[in-house]
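Visitor: This structure is in structure tokens; I'll ask about it shortly.
Bear in mind that the values in this text are calculations on the coordinates, not laboratory data. What you see is a predicted model; the values in this text were computed from it and never measured. Glycine gets a Cβ as well: all are built from the backbone with ideal geometry, and neighbour counts include every protein chain shown.
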């Protein structure tokens, strides 16, 4: 059985729809991972030990186990305790939490890199501890850490392929649907890979723009 | 939490963990080979070879590992490559991590001061001798930790081959979740084993790094 890429154009709409789903999964989970990442970083640095340690354990577990396993846990585990989530929501939560932990590590380093004088200055001006962290420290930290967080988003885009395993119809599963009709795995997986590559190029272009804007604003 | 169940199924998980470790070791070896070759290509003076190295890194890092494994396992037979799931998984993971290791190794090599090359060349060493006796021994020390990070990612990446039905740790957990409806227990069991593998690998890497450091 040779290769015949002429079957791919017939399923172009399937692949494009899958790409749109992949992009939305990426954007939603990137947002979740960004904001939860900030929250986790602030907890890790400023919260009292009794709150900090459970969160540290959570981070340790999420960094030490595969994403695929975590997706199974969230999708089937929430089902076990009676919360029936659609696969899309479970996938987005799983991806978001997984990368939130990685983002939190980066943001912690960013927060520690903000000059101590900023904190002292804000406190002297009468801002409360919470206000200082929220309005002075975190905004500056987030700026310095955009490049590594961007790298995490690129990784997130590629890992979004994993949610096909719990049945979210994104790009990878769309390719599989086309394959089950045509029995041409090579052609469609290569086509899906090409779609990912293009989305990746777009994402990297967007990230470069954001970085440039942040550099200019400084 | 059903500890009886955990005690009953953990031998199967340990057997599956063995497959995970075998996968990790084989694909680490392949990844290191691909990484060395890739770094060599990316630093080559010949533009075509440099381009090939850059294309390898860009394509592999720009597409999901899961898709790469699918192309190899499901698409391979169409182009005459018939592999069993374990072999396809090991090769797919190795070639994938090789692209990341290429960048790690290249980074370490170009981080060595240019003066070292110049001095060695002035002393009459050939280009190859300079690389082998002066640059690489220094670069190798810089590589250990970042390669350890790559290997850490690879160990977690071995879970992907569950999708092509290699009976490793994640596949086993998934199967037992399906048959027992106890996802938390199965996650706990598999998670502890993964963390043990990753933690002990980390210890090994730290030990190597300490040994290699020059005081």
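Visitor: Compute the separation of the alpha-carbon centres of segment B:54-69 and segment B:1-35 and state it in Å as a whole number.
Guide: 24
Visitor: Here's something else I'd like to know. Compute the FRET efficiency between residue B:207 and residue A:194 as 1/(1 + (r/R0)^6), taking r as their Cβ-Cβ distance and R0 = 51 Å, and round to the nearest 0.05.
Guide: FRET efficiency, residue B:207 to residue A:194: 0.75.
Visitor: Could I ask something else about it? So if we plug the beta-carbon distance of residue A:127 and residue A:53 into 1/(1 + (r/R0)^6) with R0 = 22 Å, what FRET efficiency do we get, rounded to 0.05?
Guide: According to the calculation, E is roughly 0.20.
Visitor: Same structure, new question: Report, as a whole number in µm² per second, the diffusion coefficient that Stokes-Einstein gives for segment B:74-215 at 20 °C and 1.002 mPa s using the Kirkwood radius over alpha carbon pairs.
Guide: 117
Visitor: Obtain the nm distance between the two label points defined at residue A:112 and residue B:46 by a simple spin-label model: each point lies 7 Å from its Cα along the Cα-to-C-beta direction.
Guide: 4.6
Visitor: Report the label-to-label distance for residue A:45 and residue B:82 in nanometres (one decimal), using points 7 Å from each Cα along the Cα→Cβ vector.
Guide: Between residue A:45 and residue B:82, the simple spin-label model gives 5.9 nm.
Visitor: Here is a follow-up. For chain B, modelled as a GNM with alpha-carbon contacts under 10 angstrom, which of B:18, B:82, B:116 fluctuates the most?
Guide: Residue with maximal mean-square fluctuation among B:18, B:82, B:116: B:116.
Visitor: Note down, for segment A:109-218, the three equivalent ellipsoid semi-axes (square root of 5 times each alpha carbon gyration tensor eigenvalue), biggest first, whole angstrom.
Guide: Taking √(5λ) for each eigenvalue gives 44, 15, 9 Å, largest first.
Visitor: I'd like the orientation of helix B:47-62 relative to chain B: the angle between its Cα long axis and the longest Cα principal axis, in ° from 0 to 90, rounded to 10.
Guide: So the inclination is approximately 20 degrees.
Visitor: Can you tell me how segment A:55-146 classifies by the Cα gyration tensor, rounded, prolate or oblate, using a/c under 1.5 as the rounded cut?
Guide: Prolate.
Visitor: Follow-up. Going 7 Å from the Cα of residue A:6 along its beta-carbon direction, which residues of segment A:158-188 have the amide nitrogen within less than 15 Å of the resulting point?
Guide: Zone members listed by number: none at all.
Visitor: With a point put 7 Å past each Cα toward its Cβ, work out how far residue A:201 is from residue A:31 in nm, to one decimal.
Guide: Here the answer is 2.8 nm between the modelled labels.
Visitor: A further question follows. Could you tell me the calculated FRET efficiency between residue B:122 and residue B:214, based on Cβ-Cβ distance and R0 = 25 angstrom, to the nearest 0.05?
Guide: Once the sixth-power term is evaluated, E becomes 0.65.
Visitor: How do A:24, A:164 rank when sorted from fewest to most other Cβ atoms within 10 Å of their own Cβ?
Guide: Ordered by Cβ neighbours within 10 Å, fewest first: A:24, A:164.
Visitor: Give the separation of the Cα centroids, segment A:66-90 to segment B:179-199, in Å.
Guide: 15
Visitor: Can you tell which of A:126, A:37, A:167 shows the greatest fluctuation in a Gaussian network model of chain A with Cα springs below 10 Å?
Guide: Maximum among the listed residues: A:126.
Visitor: Under 8 Å for C-alpha pairs, at least 6 residues apart: give me the relative contact order for segment B:119-215, rounded to a whole percent.
Guide: Answer for segment B:119-215 is 31 percent.
Visitor: Restricting things to alpha carbons, tell me how big segment A:1-130 is in terms of Rg and Dmax, in Å.
Guide: Values for segment A:1-130 (Cα only, Rg and Dmax): 20.7, 75 Å.
Visitor: Obtain the radius of gyration and the Kirkwood radius of the protein assembly as shown from its C-alpha atoms and give Rg over Rh.
Guide: Rounded to two decimals, Rg over Rh is 0.99.
Visitor: What does the convex hull of the Cα atoms come to per residue for segment B:1-89, in Å³?
Guide: Dividing the Cα hull volume of segment B:1-89 by its residues yields 142 Å³.
Visitor: Using only the alpha carbons of segment A:5-217, what is the convex hull's orientation-averaged projected area in square nanometres?
Guide: With the hull built on Cα positions only, its mean projection is 14.2 nm².
Visitor: Cut-off 10 angstrom, C-alpha nodes, Gaussian network model of chain B. Which of B:23, B:37, B:154 fluctuates the most?
Guide: Sorting by GNM fluctuation, first place goes to B:37.
Visitor: For chain B, what is the mean residue ellipticity at 222 nm derived from helices alone (per DSSP H run of n ≥ 4: -39500 (n - 2.57); sum divided by total residues; nearest 500 deg cm²/dmol)?
Guide: -26000 deg cm²/dmol
Visitor: Based on other C-beta atoms within 10 Å, arrange B:70, B:86, B:187 from fewest to most.
Guide: With the fewest neighbours first, B:70, B:86, B:187 line up as B:86, B:187, B:70.
Visitor: In addition: Note the angle between two axes, namely the Cα long axis of helix A:87-113 and the longest principal axis of the Cα atoms of chain A, as a number of degrees from 0 to 90, rounded to the nearest 10.
Guide: Compared with the principal axis, the helix lies near 40 degrees.
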